[in-house]
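The values are calculated or read from the model by the stated rules, or taken from the named source; none is laboratory data. All of these numbers come straight from a predicted model, not from anything done at the bench. Reconstructed Cβ throughout: ideal geometry from the backbone, glycine too, with neighbour counts over all protein chains shown. Note: accessible area is taken over every heavy atom of the protein model, side chains too, but ligands, DNA and RNA are not part of it. Shrake-Rupley method; radii C 1.70, N 1.55, O 1.52, S 1.80 Å.
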Amino acid sequence: ELVGARVTGLPWYRDGGRQLLHRRVAANYRNPDDNAVRFRSRPEMHLSSRFVDTGSFASDSYWTMGAEAALVLGPFSVQSEFITANANVASSANFYGYYVQASYFLTGEHRRYKKSAGAFSRVKPRRNVGTDGGWGAWEVAARYSSLDLNDHGIMGGELDDVTLGLNWYLNPHTRIMANYVMADVDGVGDADMLGVRFQVDF
C-alpha cells in the first residue's frame, strides 16, 4: 500500500525563468505486504555497488518525508534537499540524507523550469552543436551529499560524497556527462570514481 503527496511552490519567478526560487515538500507512506523494509544506496555513481545497506528488517510501515529548494540566478543555480525515513521498529528508527549542489553555465544558458510540472526541464543550448558554428551548452557543477542509515540498533552505514561534474549539452536531447566522485564510508574507507555518460532522450 502506498499513499503519497507532493506540493511545489514558485514564490519568485522573473525574466522568463532566468531568475526563480522553487520549493517542494513531499511525503509517502508505505505498508509493505511482507512487513520487510530495506534502505540502501550507491554513492553518486550509477554503476557503483551499494556502499550502505540496512539489510532487510521487520517493519509493518514506514514514512518518507522530504523538502527541497532551488534558486536560479541566470547561469548560476544552487539546490538542496533533505529527506528522512521513519520505520516502525519496536518504537521507531529514523534515517536521513541531504545534498547541496551548485552549477554554472559557462556558455550563458540557465536551468529551465516547467511550471505545469513544478520541476526543472531539459536544457536548451543557445546554439546547438553544428548550428551556425555552435558549441552547445557547457555546465560545471559541484555537489556534496550525506546519508546516515544508522539508528535504533540498525547499522546500515554512513556515506558522504563530493562530486565534481562537467556537462556538455550538444542539443536539447543529447548530452555528455563526466563526474568525478570522492566517496567516504564512515569506519570503512574512501573510494574515488570517474564516470562518463552519453545520453540521448526524447
(message) Show me the strands (runs of 3 or more DSSP E) found entirely inside the range 111-187 where at least 3 residues are farther than 19 Å from MET45 by Cβ.
(response) 137-151, 154-171
(message) When you scan the range 106-121, do you find a residue that is hydrophobic (A, V, I, L, M, F, W, C), touching a residue at least 12 places away in the same chain (Cβ under 8 Å) and exposed (fewer than 15 other Cβ atoms within 10 Å of the Cβ), even just one?
(response) yes
(request) Being modelled with pLDDT under 95 and of a type in the set (S, T, N, Q) is the filter; apply it to the range 57-85 and report the residue that is nearest to the chain's Cα centre (by Cα). (result) SER61
(request) Filter the range 34-47 down to the residues that are in a loop (DSSP other than H, G, I, E, B) and touching a residue at least 40 places away in the same chain (Cβ under 8 Å), then identify the one that is least open to solvent (accessible area, probe 1.4 Å). (result) PRO43
(message) For a quick check of your reading of the model, give me the residue pairs whose first member lies in the range 48-63 and is closer than 15 Å to HIS152 by Cα, whose second is among the small types (Gly, Ala, Ser) and assigned to a loop (DSSP other than H, G, I, E, B), with beta-carbon atoms closer than 7 Å and at least 6 apart or on different chains.
(response) none
(request) Residues being more than 29 Å from ALA58 (Cα to Cα) and over 19 Å from the mean Cα position of the chain (by Cα): count how many of those fall in the range 170-188. (result) 5
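Scanning the range 51-78 for residues that are part of a strand (DSSP E or B) and open to solvent by less than 20 Å² (accessible area, probe 1.4 Å), which turns out nearest to LEU2 (Cα to Cα)? Full working, then the answer.
Just the residues of the range 51-78 that are part of a strand (DSSP E or B), to begin with: 52-53, 57-58, 62-73, 76-78.
Keeping just the survivors that are open to solvent by less than 20 Å² (accessible area, probe 1.4 Å) gives 52, 66, 70, 72, 77.
Values: VAL52: 24, GLY66: 16, ALA70: 27, VAL72: 33, SER77: 33 Å.
Among residues in the range 51-78 that are part of a strand (DSSP E or B) and open to solvent by less than 20 Å² (accessible area, probe 1.4 Å), the one nearest to LEU2 (Cα to Cα) is GLY66.
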(request) Quick one: ASP190 ticks every box in (1) in contact with a Lys or Arg (Cβ under 9 Å, 6 or more places away or on another chain); (2) over 24 Å from LEU71 (Cβ atoms); (3) acidic (Asp, Glu) except a single one, so which number is it? (result) (1)
(request) Of the numbered conditions (1) open to solvent by less than 80 Å² (accessible area, probe 1.4 Å); (2) of a type in the set (Asp, Glu); (3) at pLDDT 95 or above, ASP15 fails exactly one; give the number of that condition. (result) (1)
(message) Every residue in the range 170-202 that is crowded, with 17+ Cβ neighbours inside 10 Å, touching a residue at least 60 places away in the same chain (Cβ under 8 Å) and under 23 Å from PHE105 (Cβ atoms), please.
(response) ASN179, VAL181
(message) Restricting to the range 134-152, and then to whatever is open to solvent by 60 Å² or more (accessible area, probe 1.4 Å) and either polar (S, T, N, Q) or in contact (Cβ under 8 Å) with a residue 40 or more places away in the chain (or both), can you tell me which residue is farthest from THR54 (Cα to Cα)?
(response) ARG143
(request) Inspect all residues belonging to the range 18-33 and state whether any of them is touching a Pro at 6+ places or on another chain (Cβ under 6 Å) and part of a strand (DSSP E or B). (result) yes
